[in-house]
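**Q** The structure that follows is given in the form of structure tokens.
No lab work stands behind these numbers, since they all come straight from the coordinates. Just so it is clear, the structure is predicted and the values come from calculations on it, not from any experiment. Quick reminder, even Gly has a Cβ in these numbers, built from the backbone with ideal geometry, and neighbours come from all protein chains shown.
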Amino acid sequence: MTDAALPLDEQTRALVVLAAAIAQGEMSEIRDRADEAVAAGVPAAWADELLLQSALMVGWPRALQAAGVWRKAMPEIAPDDDISLDYSRHEEWLARGEETCRRVYGDNYSRLRENVRGLHPALETWMVTEGYGRTLSRPGLDLIRRELCIVAQTAVLNTPRQLHSHLRGALRAGAEVATVEAALAAVNPFVSYDDWKSVKEVWDQVQDSWSRLA
């Protein structure tokens, strides 16, 4: 699954489930899902990228504890010449961030930036440059899988507005409706009954509006 939409293969499903476990924050669950990801043959680079973007989505404490678990399951160390360590690339991150954010939000891109700027100008800058540019535009994982992992984590965290945005973002990135449906089904065990009803309501709204655009 590069930019072309494919079914939810075993490796992608394992990655999405690991994302949900990281958002849930239960160490035993993260360990089990990390072991499953290794058994499924999830590339180490994919999981590393999930861990990095999890710092954005679920916060540093859970991302760091998950990274510790993953490093025991997959001891392969990431290279220390990572391009995100080079702060001279700030303008590149900004340009990539604008491109990726616009792809995820489509016609709502300008409104998003305006709304976030209204909350705090620094949040807008960090969102585009650090979030979408430095992190979510990295080459180690394609945008479809990134968005599916974000869908998993926003569903577990019960953040419906962000879930709505990234369900649409996954579709805009090229995921098929059935692929997103399969990702949500994989996340179901991590979500309470009442929260799952909310997740399904959001997904129904997204599908309805998406079908009218088709």
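**Q** Gap in Å between the Cα centre of segment 148-208 and the Cα centre of segment 78-100?
**A** Result: 28 Å between the Cα centres.
**Q** For the chain, what does -39500 (n - 2.57) per DSSP helix run (n ≥ 4), summed and divided by total residues, give at 222 nm, in deg cm²/dmol to the nearest 500?
**A** Details: 11 runs with 148 residues, N = 214.
It lands at -22000 deg cm²/dmol.
**Q** Right, next: Please report 77, 83, 144, 30 as a ranked list, fewest other C-beta atoms within 10 angstrom at the top and most at the bottom.
**A** Final ranking by Cβ density, sparse to dense: 77, 83, 30, 144.
**Q** Rank the residues 198, 88, 209, 54 as a footprinting-exposure proxy: fewest other Cβ atoms within 10 Å of their Cβ go first.
**A** Listing 198, 88, 209, 54 from fewest to most nearby Cβ atoms yields 88, 209, 198, 54.
**Q** Relative contact order, percent, of segment 117-214 when contacts are C-alpha pairs under 8 Å separated by at least 6 residues?
**A** Relative contact order of segment 117-214: 26 percent.
**Q** Counting only C-alpha contacts under 8 Å and six or more residues apart, can you give the relative contact order of the chain as a whole percent? Provide the component values of the computation, followed by the final result.
**A** Working: 263 pairs, mean separation 61.8, N = 214.
29 percent.
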